[in-house]
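**Q** Let me begin by handing over the structure; questions about it come next.
The values are calculated or read from the model by the stated rules, or taken from the named source; none is laboratory data. This is a predicted model, so every value here is computed, not measured. Cβ: placed from backbone, ideal geometry, glycine included. Neighbour counts: every protein chain shown. These area figures cover heavy atoms from the full protein model, side chains too; ligands, DNA and RNA do not enter into them. Shrake-Rupley method; radii C 1.70, N 1.55, O 1.52, S 1.80 Å.
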Amino acid sequence: ERPLDALGEPAYHLVDVAAFQTFLGRCSRARHKREIFALDPPLLATKTSRGCVYQCNFCTSNPWSRAGLAGKPYRKHSREFLDAHWGRLKAQFGITRLVVLDELVNADPAHFGAVLDVAEKHGLKLDFPNGMRADRLTHAHIVRLAKLAPMLSISAEAATEHIANEVIGKRFDLEATERVAGWCQAEGLPLYVHWQIGQPGERKAEILATLNAAWQLFERWGAEPLVQFATPILGTKLHSEV
């Protein structure tokens with residue numbers, strides 16, 4: 001695999017960026033008030049890394065079981081690449097907000113710090129649709145995100161050690177979820193937490209533990225719960241198991 005920087009920037013000359021911004025404006029006006037992410041132009045989507053170092057059983061980021069493949073490696077852009085790329089987007093297209101579509105943007109805390117540095121340098125706001133790992137976030141990250149992003153979403157998945165780390169394979173510090181929730185409330189950063197129920201062998205008591213944890217986070221810290229069912233998508237480890 002080539003280094004990610006070697007792939008260069010997207011082919012913006014093949015895109016009518018102005019027409020796309022007009023389209024986004026129409027989508028924004030039709031947006032339902034309960035939708036989490038705004039679509040107000042001028043904005044564009046971007047990626048600072050590809051792949052993920054984790055192998056959660058439900059995730060489609062690394063379909064390692066498909067056709068016997070090992071999955072795509074984790075690669076990231078350099079700080080210098082992001083600086084030049086994002087600076088160009090603002091100067092050439094007037095972009096003021098970026099939707100960062102990395103599978104896991106904070107897999108590497110140092111890289112995530114560089115992402116925030118470059119956004120701050122160019123005065124860009126950021127959206128992160130894919131949930132981050134709470135155990136890779138620091139209080140300093142939350143302080144900065146409160147100024148850069150309208151909200152934060154993190155992926156907790158389950159509230160029990162057995163489901164989160166033995167079944168899903170998340171390799172996760174469960175206490176990090178509440179720690180981040182407290183930081184977000186203190187800094188005034190709205191927080192959404194992804195939860196998941198229905199994993200193979202999950203008992204009623206474990207499901208209730210996750211739902212109860214989600215409710216307690218909402219009551220104590222105002223963290224909005226986003227509860228989903230475990231879905232065995234083709235190519236995932238979960239699909240091969242069930």
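**Q** Work from the charge dipole of the range 148-193 (Cβ charges, +1 for Lys and Arg, -1 for Asp and Glu, about the Cα centre) and give the residue of Ala186, Leu148, Thr160 farthest towards its positive end.
**A** Result: Leu148.
**Q** Helix 109-122 against the longest principal axis of the chain: what's the angle in degrees, Cα atoms only, rounded to the nearest 10?
**A** For helix 109-122, the angle is close to 30 degrees.
**Q** What are the ³J(HN,Hα) couplings of the range 19-32, residue after residue, when phi is run through the Karplus curve with 6.51, -1.76, 1.60 and θ = phi - 60°? Round to Hz, x for glycine and proline.
**A** 5, 5, 5, 4, 4, 4, x, 5, 5, 5, 5, 8, 5, 6
**Q** Suppose we keep just the alpha-carbon trace of the range 80-130; what are its Rg and Dmax in angstrom?
**A** 10.7, 30
**Q** Let me ask you something else. Let me make sure I get this right: for the range 2-158, a, b and c are the square roots of the gyration tensor eigenvalues over alpha carbons, sorted descending. Under 1.5 in a/c it's rounded, otherwise prolate if a/b > b/c, else oblate. Which is it?
**A** Details: a/c = 1.39, a/b = 1.29, b/c = 1.08.
Since a/c stays below 1.5, the shape of the range 2-158 is classed as rounded.
**Q** Using alpha carbons only, how many degrees (0 to 90, rounded to 10) separate the axis of helix 175-187 from the longest principal axis of the chain?
**A** 50
**Q** Now for a different question. Taking only DSSP H segments of four or more residues, each worth -39500 (n - 2.57), what value at 222 nm results for the chain once the sum is divided by all its residues, to the nearest 500 deg cm²/dmol? Mind showing how you got there, number by number?
**A** Working: 7 runs with 88 residues, N = 242.
Rounded to the nearest 500, the figure is -11500 deg cm²/dmol.
**Q** Return the whole-Å distance between the Cα centroid of the range 81-132 and the Cα centroid of the range 180-242.
**A** When both Cα centres are located, 26 Å separates them.
**Q** Now a separate question. Would any residue of the range 192-235 have its amide N under 20 Å from a label point 7 Å out along Cα→Cβ of Leu101? List them or say none.
**A** 234
**Q** Quick one: pull the percent of accessible area on the chain belonging to carbon and sulfur, 1.4 Å probe, ligands and nucleic acids left out. Show your work: numbers first, answer last.
**A** Details: 6850 of 12220 Å².
Ligands and nucleic acids excluded, carbon and sulfur give 56 percent.
**Q** For Arg144, what charge total do you get from the other residues with a beta carbon under 11 Å from its beta carbon, if Lys and Arg give +1 and Asp and Glu give -1? Before the final figure, lay out each step's value.
**A** Working: positive: Lys147; negative: Asp117, Glu120, Glu187.
Charge balance near Arg144 sits at -2.
**Q** Still on this structure: So if each residue of separation counts as 0.36 nm, and I subtract the Cα-Cα distance between Glu187 and Glu224, what length gain in nm does that give? List each step's numbers first, then the result.
**A** Working: separation 37, 0.36 × 37 = 13.32 nm, distance 1.58 nm.
Taking Glu187 through Glu224 to full extension adds about 11.7 nm, to one decimal.
**Q** What share of the DSSP beta bridges in the chain is antiparallel, in percent to the nearest 5? Before the final figure, lay out the partial values.
**A** Details: 2 of 21 bridges.
Expressed as a percentage, antiparallel bridges in the chain total about 10.
**Q** Among 192-200, 226-234, how do they line up from the highest to the lowest mean number of other beta-carbon atoms within 10 Å?
**A** Values: 192-200: 18.7, 226-234: 13.3.
Highest to lowest by the protection proxy: 192-200, 226-234.
**Q** Moving on. Need one word for the range 1-45: rounded, prolate or oblate. Basis is the Cα gyration tensor (sqrt eigenvalues a ≥ b ≥ c); a/c below 1.5 gives rounded, then a/b vs b/c decides. Write down the numbers at each step before the final one.
**A** Numbers: a/c = 4.84, a/b = 1.91, b/c = 2.53.
Since a/c reaches 1.5 but b/c is at least a/b, the shape of the range 1-45 is classed as oblate.
**Q** Under the 0.36 nm per residue contour assumption, what length would be gained going from the current alpha-carbon distance of Glu175 and Tyr12 to full extension? Present the calculation step by step, with values, prior to reporting the outcome.
**A** Working: separation 163, 0.36 × 163 = 58.68 nm, distance 4.25 nm.
Difference between extended and current length: 54.4 nm.
**Q** Oh, and also: With a 1.4 Å probe and every protein chain left in place, work out the accessible area per residue of the range 203-242 in Å², rounded to a whole number.
**A** Accessible area per residue, the range 203-242: 68 Å².
**Q** Lys121 to Ala19: FRET efficiency via 1/(1 + (r/R0)^6), r the Cβ-Cβ distance, R0 30 Å, to the nearest 0.05?
**A** Details: r = 29 Å, r/R0 = 0.95.
For R0 = 30 Å, the calculated efficiency reads 0.55.
**Q** While we're on this one: Could you derive backbone 3J(HN,Hα) for the range 190-196 from the dihedral phi with the Karplus parameters 6.51, -1.76 and 1.60 (θ = phi - 60°), listing whole Hz in sequence and x where the residue is Gly or Pro?
**A** Using θ = phi - 60°, the values come out as x, 10, 10, 10, 7, 10, 9 Hz.
**Q** Once amide H atoms are placed 1.01 Å from N in the peptide plane, what residues at a sequence separation of 5 or more from Asn130, or on another chain, have their amide H within under 5 Å of its amide H?
**A** Excluding prolines and chain starts, which carry no amide H, there are no hits.
**Q** Suppose every Lys and Arg Cβ carries +1 and every Asp and Glu Cβ carries -1, with no other charges. What dipole size does the chain come out with about its Cα centre, to the nearest 20 debye?
**A** About 580 debye.
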